[in-house]
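The values are calculated or read from the model by the stated rules, or taken from the named source; none is laboratory data. All values reported here derive from a predicted model rather than from experimental measurement. We place every Cβ from the backbone using ideal geometry, glycine too, and count neighbours over all the protein chains shown.
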Amino acid sequence: MKTAQFNTHGRHSIHLAFDETTLETLIREGKLHAADFNCLDRSSKKTVWNMLLSAAARKLKS
């Protein structure tokens, strides 16, 4: 039986796409942080920025 092999020697980027709701949930639950990823276009960056602001505002209110 073959087992999966992963590149454990070097660092490289993996390109993923998340549904907006899923990304917001991961950020809100603290499972994903802004420092963990980069936005690849201006529209995505603006959307993520608004998500981060909303998450921060919710934390301040609670």
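Structure summary
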{"quantity": "Matching residues, the range 8-43, being in a helix (DSSP H, G or I) and either closer than 27 Å to SER62 by Cβ or touching a Leu at 6+ places or on another chain (Cβ under 9 Å) (or both)", "calculated": "GLU20, THR21, THR22, LEU23, GLU24, THR25, LEU26, ILE27, ARG28, ALA34, ALA35, ASP36"}
{"quantity": "Residue satisfying all of: in the range 2-41; among the β-branched types (Val, Ile, Thr) and modelled with pLDDT of 90 or more; surrounded by the most Cβ atoms within 10 Å (Cβ to Cβ) among these", "calculated": "ILE27"}
